[in-house]
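The values are calculated or read from the model by the stated rules, or taken from the named source; none is laboratory data. All values derive from a computational prediction rather than experimental measurement. Cβ placement follows ideal geometry from the backbone for every residue including glycine, while neighbour counts extend to all protein chains displayed.
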Amino acid sequence: MPLSEHLSELRYRIISSLLALAVGFAIAYYFIDPIFDAITKPLKQVLPEGSSLIFTAYSEGFFAYIKLAFVCGIFIASPVILYEIWAFIAPGLYNHEKRILLPLALISSLCFLCGGLFGYFVVFPAAFGFFAGYSTAGLKLMPNITEYLSLAMHLLLAFGLAFELPVFMLFLGIIGLVGAELLRKWRRYAILIAFIAAAILTPTPDVVNQTLMALPLVLLYELGIWLVWIANRFMRRDEPLEHNRPNNT
């Protein structure tokens, strides 16, 4: 395709993703009160008696709700957004590779949601319990709503993206850029990169959050190796008739 058609296709995919995000935002904002109760529950469970979430500016509570609805809208719209990303890549794939587009988009959405759930059910209790443990009689914890939601949303999105690792590896394996043996050789570097990425993605410098992110990344990398190995075995059984990758120019 000429450059103008590529740009037109990109614009269509972006507009579709933004429309899905707008719908997701509207749905999330409609249910914002139960969502807010759910997202703050892990912190409320570890807060010392007499402590509560606070906000100090008149508009702070409103914008905190808007930010929460926006992030929840991303999770709601994630199936459409991820599909549009894969669909934009599709013209450069073989026909047999295009057939896995929809399953890949669904798996990506599932992994993204699983990452968010892992952050909520596993990381939140451990992380907030760790922080709340520093509260004493002379040092009372009164968390600010904006700071708490920024931390919570950062962690949810970080874990959602981190859980996309095996899908990305599977895609690279399907198009032939990597193989299972090569990924096994890179294992030691992947472990190092996982801990570096955890240090960058986690908004706090404590070892608890960084370890809770790094360990799943290592396990997800191992899962990606197995997925690539399985995909390569199936692809060897059914080699495509095409010998050249489609040319979009």
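List of remarks:
- Any hit, region 126-137, residues being among the polar types (S, T, N, Q), free of Cβ contacts under 8 Å to residues at least 60 places away in the same chain and either on the phi < 0 side of the Ramachandran plot or surrounded by fewer than 15 Cβ atoms within 10 Å (Cβ to Cβ) (or both): yes
- Against the numbered list (1) in contact (Cβ under 8 Å) with a residue 24 or more places away in the chain; (2) part of a helix (DSSP H, G or I), Phe121 comes up short only at (1).
- Just one of (1) buried (at least 18 other Cβ atoms within 10 Å of the Cβ); (2) in contact with a helix residue (DSSP H, G or I) (Cβ under 7 Å, 6 or more places away or on another chain); (3) more than 25 Å from Leu156 (Cβ to Cβ) fails for Leu93. It is (2).
- Residue in region 140-164 that is surrounded by the fewest Cβ atoms within 10 Å (Cβ to Cβ), counting only those that are more than 19 Å from Lys44 (Cβ to Cβ) and among the hydrophobic types (A, V, I, L, M, F, W, C): Leu161
- Residue that is among the hydrophobic types (A, V, I, L, M, F, W, C), more than 30 Å from Gly176 (Cβ to Cβ) and either without any contact (Cβ under 8 Å) to a residue 60 or more places away in the chain or in contact with a His (Cβ under 6 Å, 6 or more places away or on another chain) (or both), where the choices are Ile39, Ile54, Ile89, Ile76: Ile76
- Residue among Ile85, Ile66 that is within 25 Å of Pro216 (Cα to Cα) and either part of a helix (DSSP H, G or I) or of a type in the set (Gly, Ala, Ser) (or both): Ile85
Residue-by-condition table, conditions (1) aromatic (Phe, Trp, Tyr); (2) more than 15 Å from the chain's Cα centre (by Cα):
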residue: Tyr58; (1), (2): yes, yes
residue: Ala64; (1), (2): no, yes
residue: Lys67; (1), (2): no, yes
residue: Phe75; (1), (2): yes, no
residue: Ile85; (1), (2): no, no
residue: Phe88; (1), (2): yes, yes
residue: Asn95; (1), (2): no, yes
residue: Ile100; (1), (2): no, yes
residue: Gly115; (1), (2): no, no
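- When Ser52 is tested against the conditions (1) in a helix (DSSP H, G or I); (2) more than 21 Å from the chain's Cα centre (by Cα); (3) within 30 Å of Ala126 (Cα to Cα); (4) among the hydroxyl-bearing types (Ser, Thr, Tyr), the lone failure is (1).
- Given (1) in contact with a Phe, Trp or Tyr (Cβ under 8 Å, 6 or more places away or on another chain); (2) of a type outside the set (Val, Ile, Thr); (3) more than 30 Å from Glu9 (Cα to Cα), index of the condition Leu102 fails: (3)
- Apart from one condition, Leu104 fits all of (1) at pLDDT 80 or above; (2) of a type outside the set (Ser, Thr, Tyr); (3) assigned to a helix (DSSP H, G or I); (4) surrounded by 15 or more Cβ atoms within 10 Å (Cβ to Cβ); the exception is (1).
- Restricting region 40-70 to residues that are more than 15 Å from Glu147 (Cα to Cα) and modelled with pLDDT of 90 or more, the residue that is surrounded by the fewest Cβ atoms within 10 Å (Cβ to Cβ): Lys41
- For region 165-178, residues that are surrounded by fewer than 18 Cβ atoms within 10 Å (Cβ to Cβ), of a type outside the set (A, V, I, L, M) and in a helix (DSSP H, G or I) total 1.
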